[in-house]
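Step one of this worksheet: look at the structure below.
The values are calculated or read from the model by the stated rules, or taken from the named source; none is laboratory data. Since the model is a prediction, treat every value here as computed from it, not as a measurement. No Cβ is skipped: glycine too gets one built from the backbone with ideal geometry, and neighbour counts run over all protein chains shown. Side chains included, ligands, DNA and RNA excluded: accessible areas come from the protein's heavy atoms. Shrake-Rupley method; radii C 1.70, N 1.55, O 1.52, S 1.80 Å.
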Amino acid sequence: MEKPRFDWLQPVKIGLVGGAIGVFFALVGMVEAFSIRDIVDGIVSMGQMLMLISMTFTGYMAARRTTQPQHLWVLGSSLLAGLMFGGMVALLLIVGSLVNLRAVFINASPTLYELLAFGRGTQAGALLLLAEGVLVGVAAGLLYLLTGRFRQALVNALGWVVMAGVLQELLRITFGAWGPLAVINQWLFTGKGLSVPGAASLFVLVAGTTYFWSQTGSVLSNRLRRLPPGGQHTLRLVGILLLVLIVLALPQILGLYLSEVLTIVGVFALMGLGLNIVVGLAGMLDLGYVAFFAIGAYTMGALTSPELGFFSLSFWEALPFAVVAGVLAGVILGIPVLKMRGDYLAIVTLGFGEIVRILALSDFLRPWIGGAQGIAKIPKAIVGSIEFISPQQIYYLILVGCLLAGFISWRLKDSRLGRAWMAVREDEDVAAAMGINLVATKLLAFAGGAAFAALSGAIFASKLGSVYPHSFNVMISINVLCLIIVGGMGSITGVIVGAAALVGLPELLREFAEYRFLAYGAALVLMMLVRPAGLMPEATRRRELQEAETVEAEPEPAFGAPASP
Amino acid sequence: MALLEVEAVHAYYGNIHALKGVSLTVDEGEIVTLIGANGAGKSTTLKTISGLLRPRQGHVRLANEDLSAYKPHQIVAKGIVQVPEGRRVFGRLTVMENLEMGAFTRTDGKEIRQAAESVFALFPRLKERQHQVAGTLSGGEQQMLAIGRALMARPRVLLLDEPSMGLAPALVDSIFDTIKQLHATGTTILLVEQNARMALQVADRGYVLQTGEVILSATAENLRSNEMVRKAYLGLT
């Protein structure tokens, strides 16, 4: 029998791909831009962290793909992959020192080279990079070889430290706002990043907690399951109560800036809940969804603003009109596209969105909605004697909107109408053969989705106090669509999670805004590869994926082969 | 008096004259089959009956009520339910959810459960798999599900469009057994089939369609022995 030989090709390939990604990060300027912040002050910057993480990931992938389980071979592959990664970046350094790359890659600046070379010049830098590759590769291989619980603890701890470093500004503001918590601030942060003792203690804390939780967690949940039903009920009630309290207290805890971010997340989540009805439940791809958001916002503006002086209604008086205007617009768009499906529908709705934006810009409608100047002086909402002015107050307004929309979607999903939407999504012709009224079902989906978007638009208008045509471009539609895809189509919690991830995170990382769409694209591609059903998949889609897996696994035992581990 | 009556129906796809005055009747409790070559207008006739295609001339009547004013979903509610060609179950929903979808026109939860039980009695396989996703069923099981789904609407007339299409011969036999069983329980069926031999074995009467016209109508027995039918559709001499 032939002795198995070390397969060096696979790790080299993985290392080269990883290295290419690393070089890409460097050349698009991410490494340099991210280096303005340190993860751990004076030790590792965000840019270096990006390189380290991609290197570790590359080494880990190579370790996972090793065909033979011997430890040495695994370590060998991850080492080789890391070396390749380091080599690619070193090559960039050397080429960069010989040829002027800036003519093509404007980000290939001397600062970048200095960063990549650890400030030691080309030759020493290249050698250091190779050494870094070897070390990180071996570390990734070791990480792979660790048992599940250790690995989980280490990865979690590293993740927390990196997140704390990335979101340091935010954490500093939050902790700084509360007197007693300022101590944490001083312990954790210093200069441009986490302090060394801070990072170390955070690491130990998270690693320890994860490690012990994985032991005691299952024991605890077992004990919980053995509680009498009454006890479980109380426990759940306490949990819900706690959640409600946290949600209610959130703006007070988080402070002004984060509350502002939360309101933006809320505006998008509300829109997402609406689009989720149209795309997620009824399966109609609507790319002009921003139109309904705009119609809600403009109706609110035109009816309330004293600047235009038609009606000068209050926020609450105008709100129903805004929602009704959205519903009408939904039906008006819906009627001509009733017979359209898939890509045709997408194109027509895209056009509809643009028409609404251009109408808002037009001189023709200027006397009513202000043309390019938009509408200003839109009043805030008033309840009793409280005026919703600051983001911390507007948060509650949006929260109520989201809860309402979430509750309605949740009830609709299990209703007769929800089932009709599901049937139309799965197969329109058969849905008709089941006795489902296609016209009514589709129009109700458009109208329902539009109502939520208009509600969101109306709150948005009052939040900003003004509306402009350019706030309603097609990117909003795309954003909302992305967030429901990433969150999980058809799933209500998915919309909230998606909004937090795709709208909240970029708001928190504003200095890196130029990489926002790069990150979006990468996130979408990654999601489709790793979790095609979204972060919080809807039951139908989750089931579909599970079935696909079990069906693939099923035929194996039939051939007498042992089931795959 | 006939339960379902198609009278001198002319139907078009754009400018193409697909049905040229087709007339047929189906009596209560009967199985009637439409046979004919590809493009003869069999499926078009079913579409006209279920309201997906509007006849330009002629009438479709159910128990003497003219259906031309009704939309497809209203015709389903009237009791004409179609099992679409190629099965077309809702692949991502479970068997049970598919059946519930079939009962969309009905609102009484208790009756729906009873209907599901009688479908399960007819197809015990579906009961075993009621929580399985329909897309993972075999072709024969999907056909059972498609028929079961249509039965959930408690049809007065069941339209079966090519139920044997794409199935292995053994499964074709079992599907036709099912059709016989349905017949025994008194279900009225209009059956469209390419497989004329099998169709004429279960049917009471049959119509032969050719290029949008009924060229022959007789009892199934007579059609089986008809010289032209034997040659053109049964492959016998």
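Solvent exposure of A:LEU129, expressed as accessible area, is near 10 Å², computed with a probe of 1.4 Å over the protein chains only. Accessible surface for A:SER218 stands near 60 Å², nearest 10, in the context of the full protein assembly shown (1.4 Å probe). Over all projection directions, the Cα-based convex hull of segment A:8-145 averages an area of 7.8 nm². You can think of it this way: the chain between A:LEU403 and A:ILE332 has 22.8 nm of extra reach, that is 0.36 nm per residue less the Cα-Cα gap.
Accessible area per residue (1.4 Å probe, heavy atoms of protein chains only) ranks A:PHE315, A:PHE460 as A:PHE460, A:PHE315, with the largest value leading.
What is the mean projected area of the alpha carbon convex hull for segment B:100-175, to one decimal in square nanometres? All intermediate terms of the calculation are to be shown ahead of the outcome.
Values: hull surface 21.2 nm².
Answer in nm², one decimal: 5.3.
Give the value in nm², to one decimal: projected area of the alpha carbon convex hull of segment A:256-476, averaged over all directions.
Quarter of the Cα hull surface area: 12.0 nm².
Rolling a 1.4 angstrom probe over the protein heavy atoms with all chains in place gives the protein assembly as shown an accessible area of 48 Å² per residue. Placing a label point 7 Å from the Cα of A:ALA539 along the Cα-to-Cβ direction, the residues of segment A:397-436 with a backbone N closer than 16 Å are A:409-423. All C-alpha pair distances within the protein assembly as shown, sorted into 20 Å bins from zero, spread as 13, 34, 33, 18, 3, 0 percent across the bins.
Taking a 26 Å limit on the Cα-Cα distance, which of the listed pairs B:LYS42/B:LYS231; A:LYS339/A:LYS413; B:LYS78/B:LYS110; B:LYS20/B:LYS180 fall beyond it? In this structure, B:LYS20/B:LYS180 exceed 26 Å between Cα atoms. Accessible area buried by the pairing of A and B, both sides summed with a 1.4 Å probe, works out to roughly 2300 Å².
As an exercise, use a Förster radius of 30 Å and the Cβ-Cβ distance of A:GLN70 and A:GLN215 to find the FRET efficiency, rounded to the nearest 0.05.
Working: r = 29 Å, r/R0 = 0.98.
After rounding, the FRET efficiency stands at 0.55.
Around the amide H of A:GLY488, modelled in the peptide plane, lie the amide H atoms of A:LEU535, A:MET536, all under 5 Å away and 5 or more residues distant in sequence or on another chain.
For segment A:415-433, a drop of 20 Å² or more in accessible area on going from the chain alone to the assembled protein chains (1.4 Å probe) is found at A:ARG416, A:ARG419, A:MET422, A:ALA423, A:GLU426, A:ASP427, A:ASP429, A:VAL430, A:ALA432, A:ALA433. Ordered from largest to smallest accessible area (heavy atoms of protein chains, 1.4 Å probe), the residues A:ILE386, B:ILE175 come out as A:ILE386, B:ILE175.
Could you tell me what percent of the accessible area of chain A is made up of carbon and sulfur, with a 1.4 Å probe and every protein chain present? Ligands and nucleic acids excluded, carbon and sulfur give 72 percent. Extending 7 Å from Cα along the Cβ direction at A:GLN152 and again at A:LEU250 yields two label points whose distance is 2.7 nm. How much FRET efficiency would the formula 1/(1 + (r/R0)^6) give for A:VAL439 and B:LEU216, where r is the Cβ-Cβ distance and R0 is 35 Å, rounded to 0.05? Computed FRET efficiency for A:VAL439 and B:LEU216: 0.35. Scanning residues 5 or more positions from B:THR188 or on other chains, those with amide H under 5 Å from its amide H are B:GLY29, B:LEU158, with H placed 1.01 Å from N in the peptide plane.
Available extension along the chain between A:LEU243 and A:SER314 is 22.3 nm, counting 0.36 nm per residue and deducting the alpha carbon span. The Cα atoms of segment B:59-208 cover 42, 39, 25 Å along the three principal axes, with the biggest extent listed first. Counting heavy atoms of the protein chains alone, A:TRP316 has an accessible area of about 110 Å² for a 1.4 Å probe. Using R0 = 60 Å, the C-beta based FRET efficiency linking A:ASN473 and B:GLU227 works out to 0.25.
Placing a pseudo-label 7 Å from each Cα along the Cα-to-Cβ vector at A:VAL99 and A:TRP410 gives an inter-label distance of 6.0 nm. A drop of at least 20 square angstrom in accessible area, chain alone versus all protein chains together, probe 1.4 Å. Which residues of segment B:147-181 meet that? Those residues are B:ARG149. A cut-off of 5 Å between modelled amide H atoms, ignoring neighbours fewer than 5 places along the same chain, links B:GLY58 with B:HIS10. With the convex hull drawn around the C-alpha atoms of segment A:209-347, the volume per residue stands at 236 Å³.
3J(HN,Hα) along segment A:389-403: 10, 7, x, 5, 8, 5, 3, 5, 4, 5, 4, 4, x, 5, 4 Hz, from the Karplus curve 6.51 cos²θ - 1.76 cosθ + 1.60 with θ = phi - 60°, whole Hz, x for Gly and Pro. Starting from one equal scatterer on each C-alpha and no solvent at all, send me the Debye-based log10 I(q)/I(0) for segment B:42-119 at q = 0.18, 0.21, 0.24, 0.26 Å⁻¹, two decimals. Summing over Cα pairs of segment B:42-119 leads to -0.86, -1.03, -1.15, -1.23.
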